[in-house]
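Comments concern the structure below.
Please treat every number below as a calculation from the coordinates, not as lab data. What you see is a predicted model; the values in this text were computed from it and never measured. Because the Cβ atoms are built from the backbone with ideal geometry, glycine has one as well, and the counts that use them run over all protein chains shown.
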Amino acid sequence: MSLKASVTPKGAILLGKYLACDAFDEAKPLRVVTHAHSDHLLGLRESLKSCVTVMMTPATKDLIDVLKGPLFLMAGQVKTLQYEKEFTYGDERLTLHFADHILGAAQALIVDSQGTRILYTSDFRLPETPIIESDILVTETTYGRPYRIRPFRKQVNRILISLVEQGLKRGPVYLFGYYGKLQEVMQILHRAGIRVPFVVPEKVFRVSKICERHGMTLGRYFLSSSEEAQSVTKKHQPYVAFYHMGSRRYVGKDALRISVSGWEFEGPCRRTAENEYVIALSDHADFKGLIRYVKESKPKLVVTDNYRAGDAVSLAREIQKKLNIPAKPLPAKRDS
Ligand SMILES: [Zn+2]
């Protein structure tokens, strides 16, 4: 009997008879893009060329238009699908469910002709992500080892806010992170009442516009090349700049520098240099969250994604041990 869910050596999550998620698979007519992170856009060009339909949430489409350029998705049949709306293909039904990760992120559920519920969580974090019941579950594995836990999760925002407030008393603050998470930080600071100008380079600016269009509130931010931003930065007035991780070496050398990263387990905040900190802000469930999701989803079989970065082998072992549910990492060997 062939499995109703699998992960291919190229990273495609196969659900049911027709669907491949997050990487290209030549045998599947449908492709879902669960969110706009690059390890979930694998082979998208090929999928656009050969799939009957490529599906994603409206917000994910808008983000890809910014990250890849507006022409990119025009190369294929793209259909946007709202959360909870059903799409039927052949004798199977697809639904996307909300996932708390980055803007637009979705879990994908297939219900096949026998009523089997086949679910891919994609990347998610708890407690905001709804746990969907399944028969066969494919889960992400980022923090799949038992010691990857963050019991201090609830303190993180508070500490981030006070660190920024402290820094602003002395001058500018530079924040470094990935697209999506930077906007989450903007929203956290704005909601905390921090009302200095935010300064952002062009791509962060455009991603921020999309986030606002889809309901996030980010405060007032200015393109770093604009007159407003120039006048603020030249006078060394308090402001917060938001840059992609990749720019860390080039900007904000004299400012207070804060990176946001999920790969922190010792505590919510760590000082790494004289004027430099790492804050443990993650957009993934920690180990306990992964186990809790599996337990409450009540599957009969679990597949752990052994293609993307994470600990699929460890997580599968722990699921069998702790929950007594058969679990296996796929693909069997990572294709690296
Ligand atoms: Zn992701």
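Here are the numbers for the structure shown:
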quantity: The range 72-124: C-alpha gyration tensor shape, a/c 1.5 cut-off, then a/b vs b/c; calculated: oblate
quantity: Residue-averaged [θ]222 nm for the chain, counting only DSSP H segments that reach four residues, each worth -39500 (n - 2.57); calculated: -7500 deg cm²/dmol
quantity: Amide hydrogen neighbours beyond the local backbone of residue 303, cut-off 5 Å, H modeled; calculated: 137, 138, 139, 328
quantity: Cross-link partners of residue 49 among aspartates and glutamates (Cα-Cα below 16 Å; sequence separation of 8 or more within a chain); calculated: 22, 25, 26
quantity: Burial order of peptide ranges 108-121, 190-203 (average beta-carbon count within 10 Å, highest first); calculated: 108-121, 190-203
quantity: Rounded to whole Hz, the Karplus (6.51, -1.76, 1.60) HN-Hα couplings of the range 6-18, x for glycine and proline; calculated: 7, 10, 7, x, 9, x, 7, 8, 9, 10, x, 8, 10
quantity: Three-way shape label, the range 36-144, alpha-carbon gyration tensor, a/c 1.5; calculated: oblate
quantity: Net charge dipole size for the chain [Lys, Arg +1 and Asp, Glu -1 on Cβ; Debye, nearest 20]; calculated: 700
quantity: Solution diffusion estimate, µm²/s, Stokes-Einstein, the range 116-253, Kirkwood Rh from C-alpha pairs, 25 °C, viscosity 0.890 mPa s; calculated: 144
quantity: Prolate/oblate/rounded label for the range 151-211 (Cα gyration tensor, a/c 1.5); calculated: oblate
quantity: Leading residue at positive end of dipole, the chain (Cβ point charges), from 233, 285, 56; calculated: 233
quantity: Among beta bridges that DSSP assigns inside the range 1-76, antiparallel share in %, nearest 5; calculated: 50
quantity: Anchor residue 209: aspartates and glutamates whose Cα lies under 14 Å away (excluding residues fewer than 8 positions away in-chain); calculated: 62, 65, 184
quantity: Among the listed pairs 85/298; 10/61; 85/154; 85/203; 181/322; 181/321, those beyond 29 Å (Cα-Cα); calculated: 85/154; 85/203; 181/322; 181/321
quantity: Over the chain, equivalent-ellipsoid semi-axes from the Cα gyration tensor in Å; calculated: 37, 24, 16
